[in-house]
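The values are calculated or read from the model by the stated rules, or taken from the named source; none is laboratory data. Computed from a predicted structure; not experimentally measured. Every residue, glycine among them, receives a Cβ derived from its backbone with ideal geometry; neighbour counts consider all protein chains shown.
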Amino acid sequence: MQDETPVGESAAGSWTDRLKLWGGLALGLGLMSWFLGSLEWRSLIAVMSEVRWSWIGLAAILMLADYAVHAWRWRVLLHHVDPELDWRTLWAATTVLWGFNTLLPLRAGNFLRPAVVSLRRSIPYTTLLFTSIAEYVCDIFGIVLLILGMIWLIPEAMIAEGPLEDIKIWGTLSGVGALLSLLVVVLLSSRQARSVIELLLRPIPSDRVRARVLELFDQLVLGMAAVGHPLRLFQALALTLLIWGGWLLAILATFRAFDLEIPLVGALFWESSLTLSMLLPQAPGYLGVFQVVTEESLRLFEAPVAKAEAIALVFWTICFVPITVLGVYDGSRAGLSLGRNPLQGAMDELEPPTDPV
């Protein structure tokens, strides 16, 4: 039997996908244009002429190495699912994640990364997707450590006055939240958790629905299982420290490039602010938000306006342009294209073909 989907509906879906894609790109470009329009260009050009580009090159290398550690951590979290996962597939999935997060709205790259591995390794897509929860647990711990380190280094005068006065409270709440997140993940991995889910599903009359929900729950538990394994959890948290440490070193190298004297607490504050702002879905490439957070964070530590604006542009380029180029290249090899909704294309590939009737 031929596909009975009306042509009009198919065309409408295509136009909807393109509207979401290009609308998101337009939003990001609009935010970036607004930021660029607010710059003091004469002062910015003067600052850029004095940049020490060797330090910028070092910062770019550190950021690429940081993405490699991201891939390494995901491999640790996937070890129980696919212990033979090859590095080439892992790296391609990682570049697609960050590259398409830069180009598409709402962090769509997070949904494309598991598709790349699922297509090459025949692993259930949802199992791979649910490993993101384990990553978020690790990232929360990393953020908590950043905040606690910043609290320890902030002078008492800065804590008592200004926008940092509540930082100790938020740091404590973040620590409690991280511990609760880990506890929930560990509890979900227990046999008792599945028994509770089965009990809750009993009132549902459909066996098919109950089976499907249990299947999703099992895949969720499998995706998060590494967090419940002490050795895997230790390895993942250690790599998380490397991730945040690498980013911090890239920030410090950028400061050196611009001959900017900002204390370590300033670098930690900027890193924490960027991390928290990037957790939420937003415009492609974090355009606008990234630059504004950078500028405001650095000005809080009395950085000159022109240098803060220049760093906002240069560090965004360091963080996202190289990995985006690699992501587009690896994505094209995986059959992903911006010409159509890449997530829908990946899902079409994952969908098992239906037998003609």
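Points to keep in mind about this one:
- Residue 55 vs. criteria surrounded by fewer than 19 Cβ atoms within 10 Å (Cβ to Cβ), under 26 Å from residue 302 (Cα atoms) and modelled with pLDDT of 90 or more: yes
- Helices (runs of 4 or more DSSP H) enclosed by the range 39-111 - at least 2 residues per element that are in contact (Cβ under 8 Å) with a residue 40 or more places away in the chain and in contact with a Ser or Thr (Cβ under 7 Å, 6 or more places away or on another chain): 53-78, 87-103
- Spans of helices (runs of 4 or more DSSP H) in the range 251-333 with at least 2 residues of a type in the set (Phe, Trp, Tyr): 264-278, 305-333
- Selection count, the range 243-261, where residues are crowded, with 18+ Cβ neighbours inside 10 Å and either under 10 Å from residue 142 (Cβ atoms) or among the basic types (Lys, Arg) (or both): 3
- For residue 150: the one exception among (1) within 20 Å of the chain's Cα centre (by Cα); (2) at pLDDT 70 or above: (1)
- Filtered residues of the range 133-154 (kept if under 13 Å from residue 266 (Cα atoms) and buried (at least 17 other Cβ atoms within 10 Å of the Cβ)): 146, 147, 149, 150, 151, 154
- If you go through the range 285-311 and keep only what is hydrophobic (A, V, I, L, M, F, W, C), farther than 17 Å from residue 261 by Cβ and surrounded by fewer than 22 Cβ atoms within 10 Å (Cβ to Cβ), you end up with 289, 292, 293.
- In this entry, residue 68 is excluded by the filter for residues that are under 18 Å from residue 290 (Cβ atoms) and at pLDDT 85 or above.
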